[in-house]
Amino acid sequence: MKGVDKSLKPGLFIAHSDVVPVADNWDSDPFNPEIDDYIRARGVFDAKGLLMAHLEAIKIMLERGLNFPR
């Protein structure tokens with residue numbers, strides 16, 4: 001779907017739906033961030049809910065015939 005205002009750059013929705021596999025060398029709690037030389041927090045910053053909210057909002061806008069500015 002093309003936006004109504006052609007002078008605007010495209011919009012971007014950012015979220016992720018991947019799952020990081022547990023490697024043999026992963027020894028920290030996936031839901032408890034730990035800071036050493038880097039941050040380890042495999043399951044802390046999950047964005048699947050955000051992804052579903054984006055998709056649902058876009059679906060509703062399309063069903064209602066609303067126009068996207070971008």
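Every number in this text was worked out from the coordinates using simple rules, so none of it is lab data. Note that this is a predicted model, so its numbers are computed, not measured. Backbone-built Cβ (ideal geometry, glycine too); neighbour counts: all protein chains shown.
Scoring 50-59, 31-40 by mean Cβ neighbours within 10 Å over their residues and listing the highest first yields 50-59, 31-40.
Spacing of the modelled spin labels on Ala57 and Lys2, each 7 Å from Cα toward Cβ, amounts to 2.5 nm.
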